[in-house]
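Presented below is the structure to which this report refers.
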Amino acid sequence: MTLNTTRLRSHATPFRPRAARLVLGPASRFGRPDGAWWPRSRDLARELGELADVIDPLWGRLTHVAVNPRHWRLVPHGVVVVNDHEVTVDRFAGALNPHRILLQSYTAGRWDLLVVPPLTNASSAARLMAAAA
């Protein structure tokens, strides 16, 4: 029996998380969304990490999320940890448009994003996101 003692070299490519599919429009547009977000799944807990990766450097640390749970398969409730900090998630079934998500940051305020359904084809999603921005 031959014993192979060759060591495998570790792959030097660093892990790169996926970026959130997000477009932002100009601020202060009464009644209109501040941008659009196209999540990859209906699991809000999973998607919040990617969203916070983009939002935190732009607007300051994401602290609060309000969402209508109608189109989300999994919605956390209460305080959850997102990228090593706490985010409060609230569900408002009757008060919020099911195609919107509200984000808050203590340092920069509040944003209202249009949520493009995850299974939307790329060309339709691009049109919706361009219209929101």
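The values are calculated or read from the model by the stated rules, or taken from the named source; none is laboratory data. If you're wondering where the values come from, they're calculated on a predicted model, not measured in any experiment. Heads up, the Cβs are rebuilt from the backbone with ideal geometry, glycines too, and the neighbour counts pull from every protein chain shown. Ligands, DNA and RNA are excluded from the accessible area calculation, which covers all protein heavy atoms including side chains. Shrake-Rupley method; radii C 1.70, N 1.55, O 1.52, S 1.80 Å.
Heavy-atom accessible area for residue 40, with the other protein chains in place and a 1.4 Å probe, reaches approximately 80 Å². Applying both filters, DSSP loop and at most 13 other Cβ atoms within 10 Å, to the chymotrypsin sites (Phe, Trp or Tyr not before Pro) of segment 25-133 gives 30, 92, 106. The 1.4 Å probe gives accessible areas that order 74, 51, 22, largest first, as 74, 22, 51. All C-alpha to C-alpha distances of segment 19-110, sorted into 5 Å bins beginning at zero, yield P(r) values of 3, 13, 26, 29, 21, 8, 1 percent in whole numbers.
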